[in-house]
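Notes follow the structure.
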Amino acid sequence: MAINQTLNQEIMQSIIKRYPRSRSAIMPLLHYVQSVSGYVTNEGIELISDLLDIETAEVSAVATFYTQYKRKPVGEYHVGVCTNTLCAVMGGDAIFSALKEHLGIENDGVTDDGKVSLEHIECNAACDYAPVVMANWEFYDNQTVESAKSLVDAARSGNPPAPTRGPNKLVTYKQASAVLAGLDDGLAREGVQAGGPTLLGLKLSKEGK
């Protein structure tokens, strides 16, 4: 998936056109900015504001409220360790501490080579596979200190292992942001959990099951 090095207004306009109300495009547009810059820049916020004809404060409010948007550069592979109660008890705290020491960075830090950044996450919503580590929003289940170290080492070498579920390949942070902006990379149809879109959940909810 090719990613432009500068913000492409045609792509941004195509994102806006998906929504009946243009302001609904704020979140995917912020992801698009991250796919280009690696984080949400002031220039990106100003451009989104101009395109949507809203105040920059409104765009900034969204960018600072949701933790998936970063206001400073992160690593090519952004690693989040769940430290909520269950994951912590199952080893999440030990994993987070070990990765800080192993990488030589603190929470929200980035390695000197720019390859890996580290963040503690309150919950990955995956308690049945605790302790869970995420890299660029993909799951790595049932982690240990050693497996987590192997994960970040492989990421720094440019050859990260495939996520536990989902696509067969871990893409970079910028590429993941492009996917979240709605720019399809095709990988979602190749993974171990791949499959066509389904309305089964909607059908079951209507049946009251």
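The values are calculated or read from the model by the stated rules, or taken from the named source; none is laboratory data. No experiment lies behind these values; they were computed from the predicted model shown. Glycine also receives a Cβ, built like all others from the backbone with ideal geometry; neighbour counts cover every protein chain displayed. Only protein heavy atoms, including side chains, enter the accessible area calculation; ligands, DNA and RNA are left aside. Shrake-Rupley method; radii C 1.70, N 1.55, O 1.52, S 1.80 Å.
Cβ-Cβ below 6 Å, separation at least six or inter-chain, first residue in the range 1-23 and modelled with pLDDT under 95, second of a type in the set (D, E, K, R) and surrounded by 11 or more Cβ atoms within 10 Å (Cβ to Cβ): which pairs? Cβ pairs passing all conditions: M1/D185; I3/K174. All told, I26 falls short of being more than 19 Å from the chain's Cα centre (by Cα), open to solvent by less than 20 Å² (accessible area, probe 1.4 Å) and β-branched (V, I, T). Annotation note: Cβ proximity below 7 Å between a residue of the range 159-180 that is β-branched (V, I, T) and a residue that is open to solvent by 50 Å² or more (accessible area, probe 1.4 Å) (sequence gap 6+ or interchain) occurs for T172/E76. When S150 is tested against (1) in a helix (DSSP H, G or I); (2) hydroxyl-bearing (S, T, Y); (3) at pLDDT below 95, only condition (3) is not met. Under the condition of being in contact with an Asp or Glu (Cβ under 9 Å, 6 or more places away or on another chain) and closer than 16 Å to S97 by Cβ, the residues counted in the range 133-157 number 1. For the range 67-77, the criterion of a residue being more than 22 Å from R156 (Cβ to Cβ) and open to solvent by less than 60 Å² (accessible area, probe 1.4 Å) is satisfied by at least one position.
Taken over the range 162-206, the criterion of being open to solvent by 90 Å² or more (accessible area, probe 1.4 Å) and either in a loop (DSSP other than H, G, I, E, B) or modelled with pLDDT of 90 or more (or both) is satisfied by K169, D184, E190, V192, Q193, P197, T198, L199.
Return the residues of the range 37-66 that are among the polar types (S, T, N, Q), assigned to a helix (DSSP H, G or I) and buried (at least 17 other Cβ atoms within 10 Å of the Cβ); say none if nothing qualifies. Within the range 37-66, S37, S49, S60 qualify. Residue selection: V81 fails the criterion of being open to solvent by 20 Å² or more (accessible area, probe 1.4 Å) and either outside any helix (DSSP H, G or I) or out of contact with any Ser or Thr (no Cβ under 9 Å at 6 or more places or on another chain) (or both).
Once the range 93-129 is narrowed to residues that are over 25 Å from R71 (Cβ atoms) and open to solvent by less than 10 Å² (accessible area, probe 1.4 Å), the residue that is nearest to the chain's Cα centre (by Cα) is A126. For the range 13-36, a residue qualifies if it is assigned to a helix (DSSP H, G or I) and of a type in the set (F, W, Y), and exactly one does: Y32. With respect to being assigned to a helix (DSSP H, G or I) and open to solvent by 40 Å² or more (accessible area, probe 1.4 Å), T6 falls outside the description.
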